[in-house]
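The values are calculated or read from the model by the stated rules, or taken from the named source; none is laboratory data. If you're wondering where the values come from, they're calculated on a predicted model, not measured in any experiment. Methodologically, a virtual Cβ is constructed for each residue, glycine included, from the backbone with ideal geometry; neighbour enumeration extends over all protein chains shown. To get the accessible areas, we keep the full protein, side chains included, count just its heavy atoms, and leave off ligands, DNA and RNA. Shrake-Rupley method; radii C 1.70, N 1.55, O 1.52, S 1.80 Å.
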Amino acid sequence: MTIASNLKAITSSLPKEVALVAVSKTKPNTAILEAYQTGQRVFGENKVQELVQKAEELPKDIAWHMIGHLQTNKVRFIAPFVSLIHGVDSLKLLKEINKRAEQNNRIIDCLLQVHIASESTKFGFGLSEVTSALNQAEEFKNIRITGLMGMATFTDDTQQVVNEFKSLKTVFDSIKNEHITTLSMGMSGDYKLAIEQGSTMIRVGSAIFGHRNK
Ligand SMILES: *Cc1c(COP(=O)(O)O)cnc(C)c1O
């Protein structure tokens, strides 16, 4: 299977309201260009340095999403161009994104990351903290919170994954409005379940580009 055929198979199976972020972390520019040539324009990276370098080298009409954990001291490197930051997990980070967005005369779209998995390593706000985080985010004029992002537990237990996605969807439904429209959930192994549970944006890497070498 080629990157192009993988992408076509996935995109043709998606409901039209579901956006695809092609997760290109660790993959070379040639792989990204192969996806680009099929029409894919949204790519996700999880490391700031890699994201900045690829954005410099690749076509300017790519929308780059930061999907990984973002450290406050690295926000300034991506603030000039990043199109969506998925993993906002603290007010400190929001404050820094706001500051750097303002310096670049931009409004940066962000998703609040919500902790839904049972693993303790996953970052994010608790389900019950989302509303207060949203309220506090209102003071940041150069940020637009456009939705929520979550990662399910890495497990074969489908019911657990479904329950975790359901819990995120419930919070999303309670806050969604004309600006809050994005629910980023689902990866290569679980995006079909995520879509069944109401995802509007999936982040798919290995099912497009093949396995990553760690
Ligand atoms: C790597 C990554 C993905 C994509 O993972 P795959 O299993 O390769 O599809 C999605 N979301 C985040 C946050 C990631 O870090």
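Structure data summary
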{"item": "Among (1) at pLDDT 95 or above; (2) near the ligand (Cβ under 10 Å from one of its atoms); (3) hydrophobic (A, V, I, L, M, F, W, C), the one test that PHE154 misses", "result": "(1)"}
{"item": "Every residue from the range 160-214 that is within 14 Å of the ligand (Cβ to nearest atom) and either touching a Cys at 6+ places or on another chain (Cβ under 8 Å) or in a loop (DSSP other than H, G, I, E, B) (or both)", "result": "GLY186, MET187, SER188, GLY189, ASP190, SER199, GLY205, GLY210, HIS211, ARG212, ASN213, LYS214"}
{"item": "Selection status of PHE81, more than 18 Å from the chain's Cα centre (by Cα), of a type in the set (Phe, Trp, Tyr) and at pLDDT 95 or above", "result": "no"}
{"item": "Residues (modelled with pLDDT of 95 or more and buried (at least 19 other Cβ atoms within 10 Å of the Cβ)) located in the range 107-123", "result": "ILE108, ASP109, CYS110, LEU111, LEU112, GLN113, VAL114"}
{"item": "Condition broken by LEU70, with the remaining ones in (1) open to solvent by 10 Å² or more (accessible area, probe 1.4 Å); (2) over 28 Å from LYS16 (Cβ atoms); (3) not in a helix (DSSP H, G or I) satisfied", "result": "(1)"}
{"item": "Scan of the range 73-103 for residues that are open to solvent by less than 40 Å² (accessible area, probe 1.4 Å), farther than 25 Å from GLY205 by Cα and in contact with a helix residue (DSSP H, G or I) (Cβ under 7 Å, 6 or more places away or on another chain), ordered by number", "result": "LEU93, LEU94, GLU96, ILE97"}
{"item": "The lone exception for PRO15 - which of (1) outside any helix (DSSP H, G or I); (2) crowded, with 19+ Cβ neighbours inside 10 Å it fails", "result": "(2)"}
{"item": "Any pair with Cβ under 8 angstrom, 6 or more apart, that starts in the range 201-214 at a residue that is farther than 30 Å from THR181 by Cα and ends at one that is near the ligand (Cβ under 8 Å from one of its atoms) and small (Gly, Ala, Ser)", "result": "ARG212/GLY205; ARG212/SER206"}
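Yes or no, residue by residue, for (1) part of a strand (DSSP E or B); (2) without any contact (Cβ under 8 Å) to a residue 40 or more places away in the chain; (3) crowded, with 16+ Cβ neighbours inside 10 Å:
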residue: LEU20; (1), (2), (3): yes, no, yes
residue: LYS25; (1), (2), (3): no, no, yes
residue: HIS65; (1), (2), (3): yes, no, yes
residue: ASN105; (1), (2), (3): no, yes, no
